[in-house]
Amino acid sequence: MINPDLVGLLEQIAPDGVRTGVDMAEVSAWRIGGPAAVFVEPDTAEQVAGVLRLMSRRPEPLLVIGETTNLFFDSRGFHGVLLRIGPKLSRVSIDGRRVRAQAGARVPELVRALAEAGLGGIAHAGGVPGTIGGLVLMNGGSQRKGIGTHVASVLVADPAGDLQRIDSAGLGFSYRRSRLQGDGSVILDAELELEHGEPDELIAEIDEIIASRAAKFPLDLPNGGSVFLSDPAMYEIVGPPGQAIETAGLKGLTEGGAQISPKHANFIVNLGAATDDDVLRLVATARNRVRATTGFTMDCEVRHVGTDGRLRPAHEVADERWPSLDLTER
Ligand SMILES: Cc1cc2nc3c(=O)[nH]c(=O)nc-3n(C[C@H](O)[C@H](O)[C@H](O)COP(=O)(O)OP(=O)(O)OC[C@H]3O[C@@H](n4cnc5c(N)ncnc54)[C@H](O)[C@@H]3O)c2cc1C
């Protein structure tokens, strides 16, 4: 449980940015979770560094979040401090082909605004929800491209609260990976190096990508994006996870408030009041049925935040809670 003195100390660092008991079922992208003990939204990089410096000496768990589009929270709550890098840290400046975007800038708006300014090369990310900080950490993107190709440097606050700028060579980008994953640093801004283009053409490219995603994905209900990772060996023989789950007969399977989307089987949508257990039971069923029917074991891309702040791929938590669950045997 949170020691009451912690809230006061955080308020000294970020006077307008500390809230308690924030319900993650209301504010997270997938609308799943319980109360977060403390929710801090700093206004400045210095405040972020101050929070890290304080928390490095504290026993309570700390988790940095952007827009939570790649996460879902335990419905029992989160017994620690969530450090949100969002709208309060979202300024963008342009200098020729170089763009400096604070980590909380939303990616779809950023990509479009840069296209309008005649800067392109990152249209593939134009339909990816979330912040530029989250995107850089995950080296995210679409069409098998990653934002890392266009990242010149990032400013981070390390776990001790020291600020440092790291250039692209130090970021170790590879497919959906960067060296910053798991090292506890907070990304404060990303410096992008883009390509000049015609605004009309760049915007048309983004619109086409967004339209094709809207046709495929169930974007009308809260969801966590692709639930399972695509495995090249499985892809060759069985196809992508969505196809494998559909072939296993699980499209539309509903558990509590969660459903394997009838539109795209690699998405789990929240029909209204889904809990983390509802999602995890569907994850366990899809994993176990696909393994039984194809011999391939699918791992999750989406991650679960435990009450203690542990961030784990959802299948690990599902396996722990129900090792061989198959809801179709009910
Ligand atoms: C409908 C939908 C479609 C999606 N499509 C795609 C896609 O096509 N391609 C793709 O790559 N992803 C996709 N995703 C996943 C997700 O959008 C991306 O991973 C996104 O970049 C995450 O950003 P976020 O701000 O929401 O991060 P969060 O979900 O809040 O966090 C994700 C991870 O980043 C860390 N993090 C966040 N901000 C920071 C920061 N400033 N500093 C350090 N660590 C940080 C968190 O601790 C966590 O580990 C999709 C998700 C949804 C819901």
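The values are calculated or read from the model by the stated rules, or taken from the named source; none is laboratory data. Source: prediction; values computed, not measured. With ideal geometry, Cβ positions are generated from the backbone for all residues, glycine too; neighbour counts draw on all protein chains shown. Surface areas here come from the heavy atoms of the whole protein model, side chains and all, with no ligands, DNA or RNA. Shrake-Rupley method; radii C 1.70, N 1.55, O 1.52, S 1.80 Å.
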> In this structure, does G197 turn out to be in contact with a Ser or Thr (Cβ under 9 Å, 6 or more places away or on another chain) and either more than 12 Å from the ligand (Cβ to nearest atom) or open to solvent by less than 40 Å² (accessible area, probe 1.4 Å) (or both)?
Replying inline: no
> Looking at this structure, is D189 touching a strand residue (DSSP E or B) at 6+ places or on another chain (Cβ under 6 Å) and of a type outside the set (F, W, Y)?
Replying inline: yes
> When the range 143-157 is examined, which residues are found to be among the small types (G, A, S) and either assigned to a loop (DSSP other than H, G, I, E, B) or more than 9 Å from the ligand (Cβ to nearest atom) (or both)?
Replying inline: G146, G148, A152, S153
>> On the basis of being farther than 14 Å from L71 by Cα and within 14 Å of the ligand (Cβ to nearest atom), does N266 make the cut?
In response: yes
> Can you name every residue in the range 96-110 that is away from the ligand (no atom under 12 Å from the Cβ) and crowded, with 21+ Cβ neighbours inside 10 Å?
Replying inline: V99
>> Suppose we filter G224, G242 for residues that are within 14 Å of the ligand (Cβ to nearest atom), out of contact with any Asp or Glu (no Cβ under 8 Å at 6 or more places or on another chain) and more than 30 Å from D183 (Cβ to Cβ); which single one remains?
In response: G242
> Taking the range 254-294 on its own, how many of its residues are assigned to a loop (DSSP other than H, G, I, E, B), surrounded by 23 or more Cβ atoms within 10 Å (Cβ to Cβ) and of a type in the set (K, R)?
Replying inline: 0
> If we scan the range 303-323, do we find a residue that is more than 30 Å from E60 (Cβ to Cβ) and open to solvent by less than 20 Å² (accessible area, probe 1.4 Å)?
Replying inline: no
>> Step by step: first the residues of the range 66-89, then only those that are open to solvent by 40 Å² or more (accessible area, probe 1.4 Å) and touching a Lys or Arg at 6+ places or on another chain (Cβ under 9 Å), then the one that is farthest from the ligand (Cβ to nearest atom). Which residue is that?
In response: P87
>> Please return the ranges of helices (runs of 4 or more DSSP H) entirely within the range 1-80 where 3 or more residues are not aliphatic (A, V, I, L, M).
In response: 4-13, 45-55
> Can we say D43 is among the acidic types (D, E), on the phi < 0 side of the Ramachandran plot and in contact with a helix residue (DSSP H, G or I) (Cβ under 8 Å, 6 or more places away or on another chain)?
Replying inline: yes
> Taking the range 158-174 as the region of interest, how many residues are without any contact (Cβ under 8 Å) to a residue 60 or more places away in the chain, in contact with a Leu (Cβ under 7 Å, 6 or more places away or on another chain) and within 13 Å of the ligand (Cβ to nearest atom)?
Replying inline: 1
>> Please go through (1) closer than 27 Å to R53 by Cβ; (2) of a type in the set (G, A, S); (3) buried (at least 23 other Cβ atoms within 10 Å of the Cβ); (4) in contact with a Leu (Cβ under 7 Å, 6 or more places away or on another chain) for A125 and return the number of the only condition it doesn't satisfy.
In response: (1)
> Restricted to the range 158-187, and to residues that are charged (D, E, K, R) and assigned to a loop (DSSP other than H, G, I, E, B), which residue is least open to solvent (accessible area, probe 1.4 Å)?
Replying inline: D158
